[in-house]
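A.B. asks: Dropping a structure here in structure tokens format, bear with me for questions.
The values are calculated or read from the model by the stated rules, or taken from the named source; none is laboratory data. Source: prediction; values computed, not measured. Please note: Cβ atoms are built from the backbone with ideal geometry, for glycine as well, and neighbour counts cover all protein chains shown. The area values use the complete protein model at the heavy-atom level, side chains included, leaving out ligands, DNA and RNA. Shrake-Rupley method; radii C 1.70, N 1.55, O 1.52, S 1.80 Å.
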Amino acid sequence: MAAIPWHRYPSGMPAAADLALQKRDARQAYAVAADLQVCQGMGAALRALESQLNRTTDAARRQLLQQQWTVRQKDAAYCQAIPGDVGALRLQLLALAVQQEVPGSGTDLALAGQGGQPAVMKQVLQEMALGHVRALSMVADGMVAAATPLQVAAARDAIVRGARDPDLQGPGGPELDKELDFLQRHAAVDAWKADPGNGGKREAASRAWIDAQGGARLEPSTDSQVRALADQYLAALKRRQKAHQNGG
């Protein structure tokens, strides 16, 4: 299956991008921006697929990978036909989407290096409240300067408790266990930075990024305000997951 639905672009993706910008069609702009992101990562995807092919000896597996390789090569050819700076075009499209508050666009623009803009930070916070897990992760990781200490603490608590919540597990879930793993590894480093002379903490910080179960185990917050706000974030995550499972 193609990584990009090229049938949506009978006149080419650049034409679709130009039309979205001219018409100020923020939702179309966001959709094109998502496909442009696939183009930006196409080179890495091809290299990874080639590496798998080179390592695989099973004939059936190699046949499947070869089919994927053929499709990705076609995707890459379409992407290479896009003139100009793909990254700059994607930023234009995302900026339009953020102006009209298209959900998800704030997080995408922030991750594209524009997170310092007030409008982008505001959008990320709104997306977190709507149950977008990437926005929640950004706030928990301290990447959103506009977030209050309470919001940061609540985002972290939502991840700690959500990673162990059976209602947020399974296919299509937000995979909070991965974010919790990162937070726990980072917590060991933060503990050492706060007490640099402590040899035990230095050793724990070193192990945090090496051991399979590295990092400090984070426990749920006992602060009532933090838990109350985290409950709101968890409820939003569950609503979003349910909508996704129902095809929304």
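A.B. asks: Using 7 Å Cα-to-Cβ label points, what is the Gln92/Asp18 separation (nm, one decimal)?
C.D. replies: So the label points at Gln92 and Asp18 sit 1.0 nm apart.
A.B. asks: If you don't mind, another one. Report D for segment 134-220 in µm² per second (integer): Stokes-Einstein, Kirkwood Rh on Cα pairs, 4 °C, 1.567 mPa s.
C.D. replies: Answer from the Stokes-Einstein relation: 95 µm²/s.
A.B. asks: Further question: Computed FRET efficiency, Cβ-Cβ of Ser11 and Asn198, R0 51 Å: what is it to the nearest 0.05?
C.D. replies: Values: r = 62 Å, r/R0 = 1.23.
Computed FRET efficiency for Ser11 and Asn198 comes out at 0.25.
A.B. asks: Taking 8 Å as the Cα distance limit and 6 or more residues as the minimum spacing, I'd like the relative contact order of the chain as a percentage.
C.D. replies: Result for the chain is 16 percent.
A.B. asks: Moving on to the next point. Assign one of three labels to segment 1-100, namely rounded, prolate or oblate, based on the Cα gyration tensor with a ≥ b ≥ c the square roots of its eigenvalues; rounded applies when a/c is under 1.5, prolate when it is not and a/b is larger than b/c, and oblate otherwise.
C.D. replies: Taking the square roots of the gyration eigenvalues as a ≥ b ≥ c, segment 1-100 is prolate.
A.B. asks: Next question. Compactness ratio of the chain: Cα Rg over 2.2 N^0.38 Å, N = residue count?
C.D. replies: Cα Rg divided by the expected 2.2 N^0.38 Å: 1.18.
A.B. asks: Considering only C-alpha atoms, what is the centroid distance from segment 105-183 to segment 211-236, in Å?
C.D. replies: Between the Cα centre of segment 105-183 and that of segment 211-236, the gap is 12 Å.
A.B. asks: Quick one: Cα convex hull volume of segment 111-155, Å³ per residue?
C.D. replies: Convex hull volume per residue, Cα atoms: 60 Å³.
A.B. asks: Out of the total accessible area of the chain (probe 1.4 Å, heavy atoms of protein only), what percent is carbon and sulfur?
C.D. replies: Here it works out to 52 percent.
A.B. asks: Rg/Rh for segment 57-162: what does it come to with C-alpha atoms and Rh from Kirkwood?
C.D. replies: When Rh is taken as the Kirkwood radius, the ratio is 1.17.
A.B. asks: Also, I was wondering about something else. If you keep only loop residues by DSSP, which trypsin sites (Lys or Arg not before Pro) in segment 16-46 have at most 16 other Cβ atoms within 10 Å of their Cβ? All intermediate terms of the calculation are to be shown ahead of the outcome.
C.D. replies: On the way: sites: Lys23, Arg24, Arg27; in loops: Arg24.
Counting only loop positions with at most 16 other Cβ atoms within 10 Å, the trypsin sites (Lys or Arg not before Pro) in segment 16-46 are Arg24.
A.B. asks: Might you tell me the accessible area per residue for segment 51-96, computed with a 1.4 Å probe and given in Å²?
C.D. replies: That works out to 64 Å² for each residue.
A.B. asks: A further question on this structure: Taking only protein heavy atoms into account and a 1.4 Å probe, give the accessible area per residue of segment 133-248 in Å².
C.D. replies: 57 Å²
A.B. asks: Using 0.36 nm times the number of residues separating Glu101 and Leu46, minus their current alpha carbon distance, what extension gain do you get?
C.D. replies: The span from Glu101 to Leu46 would gain 16.5 nm if fully extended.
A.B. asks: Right, next: Can you give the helix-only mean residue ellipticity at 222 nm for the chain, where every DSSP H stretch with n ≥ 4 adds -39500 (n - 2.57) and the sum goes over all residues, rounded to the nearest 500 deg cm²/dmol?
C.D. replies: -21500 deg cm²/dmol, from helical runs alone.
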